[in-house]
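First up is the structure itself, then whatever we jot down about it.
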Amino acid sequence: MATKLIGERIKRKEDPRLITGTASYVDDIKLPNVHHVAFLRSIYGHAKINKIDVSEARKLPGVVAVLTHDDIKGVLKPMPCVGGVPDMHTPEHYPLSGGKVRFVGEAIAAVVANDRYVARDALDLINVDYEPLPVVVDMEKALEKGAPLLYEEYGENRGFTWKISGGDIDKAFQEADRVVKLRLVNQRVAPIPLETRAVLAQYQDRGVEGELTVWTSTQIPHGIRTSIAGMLNLPEHRVRVIAPEVGGGFGCKVDFYGEEVLIPYLAMKLKVPVKWVEGRRENIQATDHGRDQINYIEAAVKNDGTVVGLRVKVLADMGAYYQLLSPVIPTLTGLMMCGPYKISNVSMEVLGVFTNKMATDAYRGAGRPEATYLLERTMDAIAAELNLDPVEVRMKNFIQPNEFPYKTATGLVYDSGNYQAALQKALDHVGYTKLREEQKKLREQGQYVGIGISSYVEICAFGPSAATATGGWESATVRIEPTGKVTVLTGSSPHGQGQETTFAQIVADGLGLTMEDITVQHGDTAVVQYGIGTFGSRATAVGGTAVYLALQKVKEKATKFAAHMLKVDSKGLVFRDGKIFPENNPEKSVTLTEVALAAYLAKDLPPDTEPGLVATAFYEPKNFTFPFGTHIAVVDIDPETGQIKFRRYVAVDDCGNIINMLTVHGQVHGGIAQGLGQALYEEVVYDENGQLLTGSFMDYCIPKAHHLPKFELDYTVTPTNVNPLGVKGVGEAGTIGSTPAVVNAVIDALAHLGVRNIDMPLKPEKIWKTIKEHAPKKGPIIVA
Amino acid sequence: MKQVIQVTINGKPRQDEVEPRLLLVHYLRDVVGLTGTHIGCETSICGACTVLLNGAAVKSCTILAVQANKGEIVTIEGLATNGKLHPVQEGFWERHGLQCGFCTPGMIMAGVQILQRNPNPTEEQIREGLEGNLCRCTGYQHIVEAIQYAAQKMRT
Ligand code: FES
Ligand code: FES
């Protein structure tokens with residue numbers, strides 16, 4: 001493959017519309033006579049609804065409908081969960097709940113009005129007679145006997161138990177020199193795409209067969225179409241779903257929400273276009289949350305730092321019910337519990353727990369950040385316990401570069417890796433040895449400096465269909481138009497990742513064209529062949545491979561035409577600078593435009609060849625990919641205030657081959673910002689009554705520009721052989737690598753005080769208190 | 001009771017009747033049809049709705065349309081002149097200062113204001129200057145570089 005554009009820093013093709021304000025997100029699409037929906041949502045964490053009186057709301061001028069559960073009962077089906085595990089309790093939930101509410105923000109009534117302000121006004125006119133019930137928000141309490149039950153019928157708040165194991169865990173613990181134990185809280189966070197969710201639907205009654213069009217801010221438009229068709233009993237080919245410009249997803253838009261059924265239903269019922277745009281408060285209340293695990297870890301170790309066994313019990317907070325994939329998310333923590341280490345004996349038990357909170361589901365990393373967090377915190381705890389350098393413990397336990405493909409104790413087969421190289425490169429960047437010496441000196445002077453290391457491996461490129469809930473392949477079409485310009489249709493559904501650019505690079509290189517010659521289209525089920533979507537760092541590794549395969553097919557056909565036109569053998573023809581010619585005879589050439597025109601005019605077809613120049617490929621990956629890397633954070637802590645300041649942040653990632661250096665940097669930056677946000681700032685907090693205390697940007701703090709350090713990035717390149725591009729995926733790496741690096745750094749800074757753990761988010765107040773509790777009586781810090 | 005307002009938007013004068021409670025951002029998006037200005041929170045924190053009102057960057061979700069009466073408004077759509085991108089827009093493109101693009105119009109308007117106030121800001125000053133704008137995608141580093149690119153370009 002020519003490598004003219006692949007691997008370069010290429011400015012994005014999608015940017016011109018985005019920087020000029022001419023792109024269209026869902027709320028930017030204006031349809032005549034559109035009506036707006038506002039939702040009334042539960043103000044209680046747990047309550048019986050005795051009565052909802054909507055009569056006053058219905059009378060407000062401009063209001064055309066007010067719906068409650070009674071109006072959809074028997075009409076709409078319960079929302080699906082496709083990410084189930086065996087033997088689980090599966091509660092039913094509907095776009096509008098009735099009878100009982102189980103978390104603050106649960107939708108109980110929908111108002112439709114001809115104006116968005118009027119729709120909101122009408123909410124104030126709805127009277128709800130709630131009967132508050134006892135609430136449980138804490139997972140450990142929820143599992144206690146006598147805890148308030150979300151579902152009386154189950155007799156427990158445990159939703160499921162899921163287990164994974166490998167090797168002989170009991171033997172490992174018998175043979176261990178010691179056992180290192182930790183209890184870690186991986187707190188609940190909110191994905192917060194800057195564009196909230198939004199749905200617009202229009203039903204066109206064509207007399208005989210109607211047509212439903214739904215614009216929704218999603219990462220999976222085709223899946224949404226199939227789901228809507230199923231839920232509303234519509235023929236799927238009469239449903240069109242469009243993910244227009246999507247303002248970020250981070251996993252929370254890999255879901256199928258009640259609003260995505262209810263808005264189309266209303267458009268059909270009322271025969272007007274209907275729109276709903278989620279407010280930010282609604283977004284924090286009622287869009288998927290992420291993480292929310294408690295990990296009880298026991299590591300069986302030898303005195304030299306070798307980890308011989310790892311036993312983990314996980315409590316995973318499901319919230320009040322499951323969304324599309326909720327139960328399967330913590331199972332990824334289990335699958336990845338070996339990380340980059342050769343741990344031959346493992347066992348994990350995951351308990352899914354119901355609490356009076358919003359559901360958790362995919363959030364950037366989805367189960368793998370939790371695995372990396374628990375492992376990397378454990379590695380540091382082992383180092384502290386054995387008085388070893390954290391680097392030494394990691395190096396001792398890493399899988400060796402010559403051991404790939406490597407089968408883990410959890411049954412995965414890691415494709416390729418060189419974990420030592422990434423760690424070493426990161427160490428060299430920060431000047432590790434010198435830094436440790438400096439740290440020692442500064443400590444003596446009463447300054448708190450911490451170095452935090454996090455080595456990770458993640459599972460990406462979801463994935464072989466056998467191992468994914470809804471099929472794990474991806475599709476692409478490469479269509480050379482009669483003028484030689486190229487349209488690519490991808491089943492991926494990018495929403496910021498830049499695949500309009502990276503896929504164009506792949507195709508431009510393959511056909512010897514420029515970036516301007518290629519357009520990549522996505523997100524519209526009427527335009528693009530069925531596809532899976534964008535999540536799990538799969539777009540380039542799986543979607544890009546589909547593009548690559550379609551490209552090979554179309555090239556093969558173009559080659560036939562060119563050979564026919566040039567009267568040469570088709571072997572040895574190359575595509576370069578818009579022309580096709582024999583490698584050894586560049587003078588004898590046809591342009592791709594001439595070839596394309598000939599293919600469509602079809603006056604003189606090569607033998608056994610159809611007209612046209614289009615090819616489609618569906619790529620089924622034979623394995624996942626396993627990107628890896630090491631992040632190192634260096635922090636200063638002000639003992640007087642608990643404030644954390646970054647000295648350095650170094651990330652060395654390995655995502656296999658790189659298509660576009662610029663967008664890879666961008667993905668890593670954004671990922672680190674989110675992971676660092678979890679480490680230091682972010683937490684969804686409910687009080688004991690189930691009230692959401694962090695329902696706005698005033699209380700839910702995502703990092704701002706001045707909260708973040710300058711990231712220093714570097715890469716190692718270990719291609720995968722899972723796909724012909726050798727790419728692994730990079731969308732989630734930053735989020736996975738960063739959180740433990742930052743927490744390890746902070747704890748390292750306080751290690752000499754005997755601090756072994758602080759749970760996230762590491763807010764200054766918490767750090768200050770910890771210092772106060774641990775500070776030696778005499779010494780440089782005086783705390784009142 | 002609707003009220004009449006007169007404003008100049010991106011150089012073009014116009015007059016509309018609006019409800020007193022209509023937010024400026026909804027006026028721009030739903031009445032005028034300029035949807036480049038986005039809404040990320042409606043509570044004056046995220047900055048997605050940032051526009052220039054009489055030369056100052058303001059959050060249009062926290063101003064009523066009637067308060068903008070007689071004012072001169074510049075939105076993202078009005079930043080490029082004669083088909084030529086504003087240096088800050090150019091910087092965002094050159095330096096990959098955006099991913100999903102939702103924060104971008106507001107970020108660009110904030111960038112314009114930062115450089116109006118200080119044509120030669122340090123990295124730290126740029127980061128501080130972006131205090132009122134949230135981005136969930138980029139980690140801000142490329143946004144900072146985009147504004148630095150524009151600063152350099154505007155100085156020469
Ligand atoms: S929408 Fe105005 S500041 Fe967020
Ligand atoms: S680019 Fe997506 S929020 Fe900034």
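The values are calculated or read from the model by the stated rules, or taken from the named source; none is laboratory data. Computed from a prediction, not measured in an experiment: that's the story for all the values here. Cβ sites come from the backbone with ideal geometry, for glycine too, and all protein chains shown count toward neighbours. These accessible areas exclude ligands, DNA and RNA; they are computed on the full protein's heavy atoms, side chains included. Shrake-Rupley method; radii C 1.70, N 1.55, O 1.52, S 1.80 Å.
Values as computed for the structure displayed
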{"read-out": "Measure of compaction for region B:3-76 (Cα Rg per 2.2 N^0.38 Å)", "value": "0.96"}
{"read-out": "Size of the A/B contact, given as accessible area buried on both chains, probe 1.4 Å, in Å²", "value": "4500"}
{"read-out": "Charge dipole (chain A, unit charges on Cβ, about Cα centre) - positive-most of A:Val393, A:Val350, A:Gln691", "value": "A:Val393"}
{"read-out": "In Å², nearest 10: area of A:His706 left accessible to a 1.4 Å probe", "value": "60"}
{"read-out": "12 Å beta-carbon shell around A:Val722, net charge (K/R +1, D/E -1)", "value": "+1"}
{"read-out": "Region A:473-619, dipole about Cα centre (Lys/Arg Cβ +1, Asp/Glu Cβ -1), debye to the nearest 20", "value": "220"}
{"read-out": "A:Glu14, A:Glu209, A:Glu92, ranked by accessible area, largest first (probe 1.4 Å)", "value": "A:Glu92, A:Glu209, A:Glu14"}
{"read-out": "Potential extension, A:Lys73-A:Glu437 segment - 0.36 nm per residue separation minus Cα distance", "value": "124.2 nm"}
{"read-out": "Accessible-area ranking of A:Arg183, B:Arg136, A:Arg225, largest first, probe 1.4 Å", "value": "A:Arg183, A:Arg225, B:Arg136"}
{"read-out": "Listed residue pairs exceeding 20 Å between alpha carbons, taken from A:Lys313/A:Lys769; B:Lys12/B:Lys84; A:Lys181/A:Lys302; A:Lys30/A:Lys275; A:Lys4/A:Lys579; A:Lys141/A:Lys769", "value": "A:Lys313/A:Lys769; A:Lys141/A:Lys769"}
{"read-out": "Helix-only mean residue ellipticity at 222 nm for the protein assembly as shown, each DSSP H run of n ≥ 4 adding -39500 (n - 2.57), per residue, nearest 500", "value": "-8500 deg cm²/dmol"}
{"read-out": "Added length on full extension, which subtracts the Cα-Cα distance from 0.36 nm per residue, A:Glu152 to A:Tyr600", "value": "154.6 nm"}
{"read-out": "Separation of alpha-carbon centers, region A:472-535 and region A:5-41, rounded to whole Å", "value": "18"}
{"read-out": "Accessible surface of the protein assembly as shown, 1.4 Å probe, proportion on carbon and sulfur as whole %", "value": "50"}
{"read-out": "Sequence of A:Asp415, A:Asp87 from largest to smallest accessible area, 1.4 Å probe", "value": "A:Asp87, A:Asp415"}
{"read-out": "Cβ-defined net charge surrounding A:Gly290, 11 Å radius [Lys, Arg +1; Asp, Glu -1]", "value": "-3"}
{"read-out": "Only Lys, Arg (+1) and Asp, Glu (-1) charged, at Cβ; the protein assembly as shown dipole about Cα centre in debye", "value": "960"}
{"read-out": "J(HN,Hα) series, region A:651-664, from Karplus relation 6.51 cos²θ - 1.76 cosθ + 1.60, nearest Hz, glycine and proline x", "value": "10, 10, 10, 10, 10, x, 5, 10, 8, 9, 4, 5, 6, 5"}
{"read-out": "Area accessible to solvent at A:Lys579, 1.4 Å probe radius, in Å²", "value": "90"}
{"read-out": "Calculated FRET efficiency for the pair A:Lys622/A:Arg183, C-beta based, R₀ 30 Å, to 0.05", "value": "0.20"}
{"read-out": "Positive-end residue of A:Asn585, A:Pro627, A:Gln187, charge dipole of the protein assembly as shown with Cβ unit charges", "value": "A:Asn585"}
{"read-out": "Per residue accessible area of the protein assembly as shown, 1.4 Å probe, in Å²", "value": "36"}
{"read-out": "Cα gyration tensor shape of region A:138-289, rounded if a/c is under 1.5, else prolate or oblate by comparing a/b with b/c", "value": "prolate"}
{"read-out": "Alpha-carbon centroids, region A:54-87 and region B:73-98: separation in whole Å", "value": "43"}
{"read-out": "Spin-label model distance (nm) - A:Arg9 vs A:Thr483, 7 Å beyond Cα toward Cβ", "value": "3.3"}
{"read-out": "At least 10 Å² of accessible area lost relative to the chain alone, listed for region A:7-29 with a 1.4 Å probe", "value": "A:Arg9, A:Lys11, A:Arg12, A:Asp15, A:Pro16, A:Leu18, A:Ile19, A:Thr20, A:Gly21, A:Tyr25, A:Asp27, A:Asp28"}
{"read-out": "Charge dipole of chain A about the Cα centre (unit charges at C-beta), most positive-ward option of A:Thr433, A:Gln552, A:Thr540", "value": "A:Thr433"}
{"read-out": "Minimum 20 Å² accessible area buried by the other protein chains, region A:697-713 residues, probe 1.4 Å, relative to alone", "value": "A:Phe697, A:Met698, A:Ile702, A:Pro703, A:Lys704, A:Ala705, A:His706, A:Leu708, A:Lys710, A:Phe711"}
{"read-out": "Charge sum, other residues only, whose C-beta stays under 14 Å from A:Ile736's C-beta, Lys/Arg counted +1 and Asp/Glu -1", "value": "-1"}
{"read-out": "Dipole magnitude of region A:407-516 about its Cα centre (Cβ charges: Lys, Arg +1; Asp, Glu -1), debye to nearest 20", "value": "480"}
